Amino acid sequence: MNPQQDLFDPLAREVLAVAPGRAHDLARLRVLARTQAAPTITVVGKYNHGKSRLLNELMGRDVFAVADRRETVTLSEHHHAELRWLDAPGLDADVALQDDSHAQEATWLQADVRLFVHAAKEGELDAAETHLLQALRQDQQRTRRQTLFVLTQVDQMSDDEQLAKVSAAIQTQAPGLRLHPVSSTRHRSGVEGGKSLLLQRSGIPALQALLREVVEQVPAAREHERGLLFTEIGQQLQHQQAAVEATLLALRQRQQQQRHDFEQGLQAVLKKVHQDLLPIVELQGDDPALLPDSASDEFRLTAGKRERARIHVAYSRACIAIRAHLIQHGVEGLPASQRTSVASLDTVMVAVLGVSIKYRADLRRQFCEPAGQAQLMASFLHYYELSEDRQALQQQILRSEAERHAHERALRALARLREGAGA
């Protein structure tokens with residue numbers, strides 16, 4: 001493994017962290033990173049359609065197992081004539097035995113050229129073949145990886161007219177498809193018997209010549225596919241990053257707007273409380289509320305009792321106004337770390353203002369003097385930021401920031417992969 005290949009996996013993981021759907025494309029890019037690798041020809045088709053026999057004839061040697069029963073159940077490869085030949089399980093592969101994954105790897109991950117094999121004796125394509133062929137032709141337009149349709153076992157047709165009917169039926173299913181009829185049996189007989197006419201009628205020499213032309217186009221196709229995949233992945237990452245940035249911006253704006261609304265509203269409430277308390281706190285002379293009641297005053301309405309009642313009512317109204325604003329913005333209970341065994345005390349109002357009734361001097365200091373008002377603003381803002389809604393919003397922002405950083409890392413990783421691939 002070369003250093004570039006060693007570096008590929010950790011960089012790919014950075015991309016996959018935010019674009020898991022690109023796992024196959026990154027795996028393909030890993031294959032394409034092996035720039036000196038031999039062009040790979042993969043045979044694709046159903047079981048018993050002559051795939052292995054075709055490969056043997058194309059290479060001129062028996063290296064792939066041929067049988068009338070299901071033989072190819074794994075990914076087989078052979079290197080010959082500076083080419084890599086792959087024989088994979090058929091389209092009717094057994095998923096339980098992992099045959100299907102081998103077929104998928106050979107067709108979509110490893111192949112530079114696909115030979116789509118269909119036996120002429122089977123007539124037109126079935127649904128699975130039609131679907132795969134359509135996908136391969138679409139992929140050829142996109143990536144320039146070529147697919148050649150090989151109609152095998154043509155020697156088993158009764159005559160040329162029957163072969164023409166089958167060919168026409170297939171071309172109706174796949175308009176514009178070029179068919180390459182071959183007979184591995186004829187080719188083998190022609191080789192063994194030295195019969196040049198039989199060799200030509202087998203279609204194998206023509207297919208070999210076409211393959212040589214197609215293989216010459218593989219380097220350019222690989223370069224195109226590399227550029228295509230890097231561009232597509234990059235565009236997806238940029239699109240996702242833009243969406244994350246937009247979400248993060250919206251969350252931060254929402255966070256700022258909410259705080260602004262809370263702060264402005266609280267200032268308005270405290271200003272009104274201040275104005276409402278001025279008649280109470282601006283008392284000239286002695287404060288009757290400070291005069292203690294005697295035992296004989298227990299059942300009498302004294303000036304001190306009346307004054308303390310006025311202070312109590314004014315303080316209660318101030319608390320009601322402030323609490324209404326807090327509740328409106330979801331600021332009621334204390335954070336878990338400050339809760340006590342007495343649930344009634346676990347409120348922001350108690351934490352900031354306490355539980356005792358205030359004296360006139362306390363009201364003045366707390367609600368009417370600049371230092372007291374500033375302290376109230378700071379305390380309530382503190383608990384506002386600790387409220388459940390604000391904490392939930394902050395967690396959303398942190399997650400969005402983490403997503404943004406992950407996308408930044410992914411884009412850097414993709415740039416390094418592209419630089420290493422020279423795409």
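No value in this document is a laboratory result; all are computed from the given coordinates. Since this is a predicted model, take the numbers as computed values, not measurements. Reconstructed Cβ throughout: ideal geometry from the backbone, glycine too, with neighbour counts over all protein chains shown.
Mind telling me which of 327, 41, 397 comes out most flexible in a GNM of the chain, alpha-carbon contacts under 10 Å?
Top of the fluctuation ranking is 327.
Nearest 5 percent is fine: what portion of the DSSP beta bridges confined to segment 74-200 is antiparallel?
The antiparallel proportion sits near 35 percent.
Quick one: dipole size for the chain, taken about the Cα centre, charges +1 on Lys/Arg Cβ and -1 on Asp/Glu Cβ, in debye to the nearest 20.
Using only the charged Cβ atoms, the result is roughly 820 debye.
Based on a Kirkwood Rh over C-alpha pairs, give the Stokes-Einstein translational diffusion coefficient of segment 270-423 at 4 °C and viscosity 1.567 mPa s in µm²/s.
66 µm²/s
For segment 38-216, would you read off the P(r) tail past 24 Å as a percentage of all alpha carbon pairs?
Values: 5147 of 15931 pairs.
More than 24 Å apart: 32 percent of the Cα pairs in segment 38-216.
Using Cα-only point scatterers and the Debye equation, what is log10 of I(q)/I(0) for segment 216-288 at each q in 0.11, 0.24, 0.25 Å⁻¹, rounded to two decimals?
Result of the Debye calculation: -0.62, -1.01, -1.04.
Taking a label point 7 Å from the Cα of residue 172 along the Cα→Cβ vector, which residues of segment 104-141 have an amide N closer than 18 Å to it?
Correct set: 120-131.
Once the piece of chain linking residue 371 and residue 305 is laid out straight, how much longer is it, given 0.36 nm per residue of separation minus the C-alpha distance between them? Kindly include the intermediate steps, with their values, before the conclusion.
Numbers: separation 66, 0.36 × 66 = 23.76 nm, distance 2.95 nm.
Fully extending the segment from residue 371 to residue 305 adds 20.8 nm.
May I have the convex hull volume per residue, in Å³, for the Cα set of the chain?
Spread over its residues, the Cα hull of the chain gives 222 Å³ apiece.
Enumerate the residues in segment 145-171 having an amide nitrogen under 20 Å from the point lying 7 Å beyond the Cα of residue 80 toward its Cβ.
Label zone hits: 148-154.
Using the Karplus curve 6.51 cos²θ - 1.76 cosθ + 1.60 with θ = phi - 60°, what ³J(HN,Hα) values do you get for each residue of segment 359-370, in whole Hz, with x for Gly and Pro?
7, 4, 5, 5, 4, 4, 5, 7, 10, 10, 9, x
Using DSSP to call loops (not H, G, I, E or B), can you name the GluC sites (Glu not before Pro) in segment 219-284 whose Cβ has at most 15 other Cβ atoms within 10 angstrom?
On the way: sites: 223, 225, 232, 245, 263, 282; in loops: 282.
Answer by residue number: 282.
Near the amide H of residue 146, under 5 Å away, which other amide H atoms are found, from residues 5 or more places off or on another chain, if H is placed in the peptide plane?
So residue 146 has HN proximity to 114.
Under 10 Å, Cα contacts only: if you run a Gaussian network model on the chain, which one of 43, 182, 350 comes out with the highest mean-square fluctuation?
Result: 350 has the largest fluctuation of those listed.
Quick one: what are the phi-derived ³J(HN,Hα) couplings along segment 374-390, Karplus 6.51/-1.76/1.60 with θ = phi - 60°, whole Hz, x for glycine and proline?
Karplus-based 3J(HN,Hα) across segment 374-390 equals 4, 5, 4, 4, 5, 5, 5, 5, 4, 6, 4, 5, 8, 5, 4, 5, 5 Hz.
Using DSSP, restrict attention to beta bridges with both residues in the chain and report what percent are antiparallel, rounded to the nearest 5. Before the final figure, lay out the partial values.
Details: 6 of 25 bridges.
Percent antiparallel among DSSP bridges in the chain is about 25.
Starting from the Cα-Cα distance between residue 206 and residue 9, subtract it from 0.36 nm times their residue separation and give me the gain in nm to one decimal.
66.8 nm
Using a Gaussian network model of the chain whose springs link C-alpha atoms within less than 10 Å, name the residue from 114, 30, 178 with the highest mean-square fluctuation.
Between 114, 30, 178, it is 178 that shows the largest mean-square fluctuation.
Setting aside same-chain residues fewer than 8 positions from residue 305, which lysines have a Cα under 18 Å from its Cα?
Here the lysines satisfying the reach criterion relative to residue 305 are 358.
Please state the relative contact order of the chain as a whole percent: Cα pairs under 8 Å, 6+ residues apart? Mind showing how you got there, number by number?
On the way: 507 pairs, mean separation 70.5, N = 423.
About 17 percent, as a whole number.
Enter the Cα centre distance for the pair segment 320-385 and segment 186-224, rounded to the nearest angstrom.
88 Å
Give me the number: length gained by fully extending residue 195 to residue 135, i.e. 0.36 nm times residue separation minus the C-alpha to C-alpha distance, one decimal in nm.
Extra length available between residue 195 and residue 135 comes to 17.7 nm.
Have a look at 214, 202, 239 and report the one farthest towards the positive end of the charge dipole of the chain, computed about the Cα centre with Cβ charges (Lys/Arg +1, Asp/Glu -1).
After comparing all options, I get 239.
What are the semi-axes of the equivalent ellipsoid of segment 255-357, taken as the square roots of 5 times the eigenvalues of the Cα gyration tensor, listed largest first and rounded to whole Å?
33, 20, 9
So what is the relative contact order for segment 38-216, in percent, with contacts set as C-alpha pairs under 8 Å and at least six apart?
21 percent
Provide the descending list of Cα extents for segment 149-299 along its principal axes, expressed in whole angstroms.
Principal extents (Cα only, largest first): 137, 37, 28 Å.
Name the residue from 357, 315, 264 whose Cα lies farthest towards the positive end of the charge dipole of segment 258-376, charges +1 on Cβ of Lys and Arg and -1 on Cβ of Asp and Glu.
264
Quick one: Karplus J couplings for segment 49-59, per residue in order, coefficients 6.51, -1.76, 1.60, θ = phi - 60°, nearest Hz, x for Gly and Pro?
9, x, 5, 5, 4, 4, 4, 4, 6, 5, 8
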